[in-house]
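Here the structure comes first, spelled out in C-alpha cells, and everything after it is commentary.
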Amino acid sequence: MKIFRLPLALLIVLSGCSSVQSVLNAQGEAAIALKNLIIFIALVAAAIWLAVVSVMVFALVRRNGQTASRDHRSERAMTIAVATATAATAVIVGILTLASFYTTRALNSGGDADVTIIVRAQQWWWQFIYTGRDQKQLFQTANELHIPVGKTVRLRLQAADVIHSFWVPSLAGKLDLIPGRENILTLRAERPGVYRGQCAEFCGLQHSHMAFVVLAEDDADYQHWVAGQQLDGAAPSAAEAIAGQSVFLARQCAACHTIRGTPASGSTGPDLTHVGSRRTIAAGLLETTRGSLAAWIADPQTLKPGNNMPIVPLTADELRQLSAYMESLR
Ligand SMILES: [Cu+2]
C-alpha cells in the first residue's frame with residue numbers, strides 16, 4: 001500500500017486547485033490564447049526532457065562494460081552531437097520567442113471597445129468607474145466588476161497610491177496599475193460566469209485582502225444591472241434603516257463614502273450607493289450580510305488591520321441601524 005501514498009498526497013494537494021481563479025480554466029479570449037501558449041511551451045519542454053533523458057540512459061547503457069577509448073571516430077561523433085544539440089536549442093528558443101511575441105501582441109491589439117471602465121486600485125480595494133459614450137462617469141462601484149459576455153471591454157487601469165496589479169486568470173493576463181500613468185487592458189469573456197480576480201503586486205499590509213469578483217453576464221442581465229446601478233440609493237423604508245441613514249449622515253461615514261441621492265459624497269472609501277447588492281465587502285474579505293456589515297462597521301481594524309477605514313465609536317443601537325441601512329442599499 002506504500003506505493004499509493006505519493007499519488008494520494010498529490011491528489012490532496014491538487015484538490016486545492018479550484019477553478020474560480022485559475023489560468024487553466026480559461027474563459028476569456030486573452031486567457032484562452034495564453035493557455036494555449038502555456039500548453040505549447042509545456043509540450044516542447046516535455047519533449048526536450050524526454051530526449052535528454054533517453055540520450056542519458058542510452059549513454060549509460062552503452063558505456064557499461066566498455067573502456068573509454070578516445071579514437072578519432074568517437075571524437076567526430078561527439079562534435080556532430082554537440083553541434084546538432086546547439087542548433088536545435090537555437091531553433092527551439094527562436095520558435096518559443098516568436099510564439100510568445102505573437103500571442104502577447106494579439107492581446108494588445110486594441111480595436112473598438114463596447115464598454116469602457118476605469119479601474120482605480122487603492123490600498124486595499126478596487127474602484128470601478130463605468131463610463132458612457134463621452135467617457136463621462138455613469139456610476140461607480142467597488143470590488144465587483146460586471147461585464148457583458150462576448151463584448152470587448154476596455155479597462156483603463158489607474159492607481160491612486162502605489163503600484164498594484166490587475167489579474168483575473170480566467171479572463172486575461174495580468175497588468176500593473178501604476179500611479180501617474182494609465183495602462184489599457186482589453187478583456188472579452190466568452191462564457192457567462194463568476195471569475196475571481198486578485199491584486200498581483202505586493203502593495204502593502206493588506207495586499208492579500210485585495211480581491212474582487214468579475215460577473216460575466218448575458219447582455220440582458222448586464223443591461224438590467226447597469227440600469228439598477230445608475231439609480232440613486234434606495235430610500236430606506238423600515239424604521240431601523242431610516243434611523244440608520246440619519247446616523248450615517250451624522251457621523252464621519254459621509255465624509256468618506258458616497259451614497260447617491262443623499263448628501264453623503266465622500267470619496268476616500270467605496271461608493272456605497274448599492275453596497276447591499278454586492279456579493280462581498282472589503283475587497284472579497286466577507287460575504288455581504290447584515291451580520292458581516294455590522295462586524296465590519298463595528299471594527300474594521302480587527303478584520304483588516306491597517307486598512308483606511310477607522311473605527312467610528314457607535315452605540316449598539318446605532319450599529320444595528322447602520323447595518324440595516326447598508327443592507328437595504330440594493
Ligand atoms: Cu494591490
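Brief remarks on what is shown
- Unique match (being without any contact (Cβ under 8 Å) to a residue 12 or more places away in the chain, more than 30 Å from residue 31 (Cα to Cα), out of contact with any Ser or Thr (no Cβ under 7 Å at 6 or more places or on another chain) and not in a loop (DSSP other than H, G, I, E, B)) among 243, 295: 295
- Candidate set from the range 103-149 (those that are among the basic types (Lys, Arg) and away from the ligand (no atom under 16 Å from the Cβ)); member that is nearest to the chain's Cα centre (by Cα): 105
- Residue check for residue 273: closer than 19 Å to residue 139 by Cβ and within 27 Å of the chain's Cα centre (by Cα): yes
- Looking only at the range 175-211, and only at residues there that are free of Cβ contacts under 8 Å to residues at least 40 places away in the same chain and of a type in the set (Asp, Glu), the one that is surrounded by the most Cβ atoms within 10 Å (Cβ to Cβ): 201
- Of all residues in the range 212-224 being buried (at least 19 other Cβ atoms within 10 Å of the Cβ) and among the hydrophobic types (A, V, I, L, M, F, W, C), the one that is nearest to the ligand (Cβ to nearest atom): 212
- Residues of the range 274-304 that turn out to be within 25 Å of residue 214 (Cβ to Cβ) and out of contact with any helix residue (DSSP H, G or I) (no Cβ under 8 Å at 6 or more places or on another chain), as a count: 6
Results for (1) at pLDDT below 85; (2) in contact with a helix residue (DSSP H, G or I) (Cβ under 9 Å, 6 or more places away or on another chain); (3) over 30 Å from residue 215 (Cα atoms), shown as yes or no for each residue.
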| site | (1), (2), (3) |
| --- | --- |
| 10 | yes, no, yes |
| 48 | no, yes, yes |
| 55 | no, yes, yes |
| 58 | no, no, yes |
| 62 | yes, no, yes |
| 71 | yes, no, yes |
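- Which numbered condition residue 119 fails, given (1) surrounded by 15 or more Cβ atoms within 10 Å (Cβ to Cβ); (2) touching a Gly at 6+ places or on another chain (Cβ under 9 Å): (2)
- Residue within the range 315-324 that is in contact (Cβ under 8 Å) with a residue 12 or more places away in the chain and assigned to a loop (DSSP other than H, G, I, E, B) present: no
- Of the strands (runs of 3 or more DSSP E) lying entirely inside the range 157-208, not one carries at least 2 residues that are modelled with pLDDT of 95 or more, near the ligand (Cβ under 10 Å from one of its atoms) and assigned by TED's automatic domain parsing to the domain that holds residue 28.
- Members of the range 267-283 found to be at pLDDT 95 or above and small (Gly, Ala, Ser), listed by number: 269, 276, 277, 282, 283
The values are calculated or read from the model by the stated rules, or taken from the named source; none is laboratory data. What you see is a predicted model, and the numbers here were worked out from it, not measured in a lab. Glycine also receives a Cβ, built like all others from the backbone with ideal geometry; neighbour counts cover every protein chain displayed.
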